[in-house]
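Shown next, in structure tokens, is the structure this report addresses.
Each reported figure results from applying straightforward, stated rules to the coordinates on display, with no laboratory input. Nothing here was measured: the structure is a model prediction, and the numbers come from that model. Here the Cβ positions follow ideal geometry from the backbone for every residue, glycine too, while neighbour counts run over all protein chains shown.
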Amino acid sequence: MLAERVQITEEKLLSDNWYILKRFTFNYLGRNGQWTTQQREAYDRGNGATILLYNPQTDRVILTRQFRLPTFVNGNRTDGPYSGMLIETCAGLLDNDDPETAIRRETEEETGYRIQSVQKVMEAYMSPGSVTEKLFFYIAHYTADTERNAGGGIDEEEIEIMELPFQQALAMMESGEIMDGKTIMLLQYLRLQQLTNASNS
């Protein structure tokens with residue numbers, strides 16, 4: 001059992017200014033049978049969920065665009081109005097809700113669409129070397145008749161809603177205009193599903 005190979009000996013809080021950053025000291029039993037003492041930092045911001053809204057009638061998807069400071073710091077800069085902006089699928093933290101409830105809430109807050117039926121696609125750790133977060137991935141259909149409000153996020157969020165042809169979104173992914181990992185994963189999943197359905201028809 002892997003749990004028997006890991007013995008946490010110290011857990012030190014480094015910051016709780018936004019979320020929780022801790023440093024762990026632990027003993028680790030390697031494959032060579034030797035124990036080593038190691039230290040790692042882990043950032044705990046809770047688990048999250050993300051969703052790709054897809055209209056099968058028009059072959060269009062709903063994405064969002066918003067400012068992401070860490071990407072700006074790491075070189076996501078342009079001379080125009082989109083410096084530091086990232087195109088993404090709708091996403092948010094669970095905030096003590098189950099993943100499906102959370103993603104319905106986030107979908108309405110960010111995009112304005114009120115959806116009922118969602119399809120779970122996968123679960124994934126997005127940055128396991130330093131962040132504890134597990135992300136739950138969903139796809140849901142929407143139509144022109146799907147009930148919606150203004151969307152755009154809450155509090156300090158300024159979220160632009162983008163409705164794009166699916167093929168355009170794929171082209172933006174391949175050109176590097178879409179660089180967000182969760183968004184790329186869901187777009188690729190939908191493309192694979194379409195290819196599979198086409199080969200089986």
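Given segment 71-125, what whole percent of its Cα pairs are spread farther than 12 Å?
73 percent
Among Ser83, Ser117, which comes first, second and so on when ranked by fewest other beta-carbon atoms within 10 Å?
Ser117, Ser83
Order by neighbour count: Asp145, Asp98, fewest other Cβ atoms within 10 Å first, most last.
Asp145, Asp98
Using the alpha-carbon atoms, what tilt in degrees (0 to 90, nearest 10) does helix 99-111 show relative to the longest principal axis of the chain?
Approximately 50 degrees, to the nearest 10.
How much space per residue, in cubic angstrom, does the convex hull of the C-alpha atoms of segment 1-111 take up?
Here the figure is 214 Å³ per residue.
So what's the chain giving for Rg/Rh, alpha carbon basis, Kirkwood Rh from the mean inverse pair distance?
Here the Rg-to-Rh quotient is 1.04.
From the phi angles alone, apply the Karplus equation (6.51, -1.76, 1.60; θ = phi - 60°) to segment 7-15 and give each ³J(HN,Hα) in whole Hz, x where the residue is Gly or Pro.
10, 6, 9, 8, 10, 10, 6, 9, 7
Please work out the Kirkwood hydrodynamic radius for segment 2-44, using every pair of different C-alpha atoms, and report it in angstroms with one decimal place.
With all distinct Cα pairs of segment 2-44 included, I get 11.2 Å.
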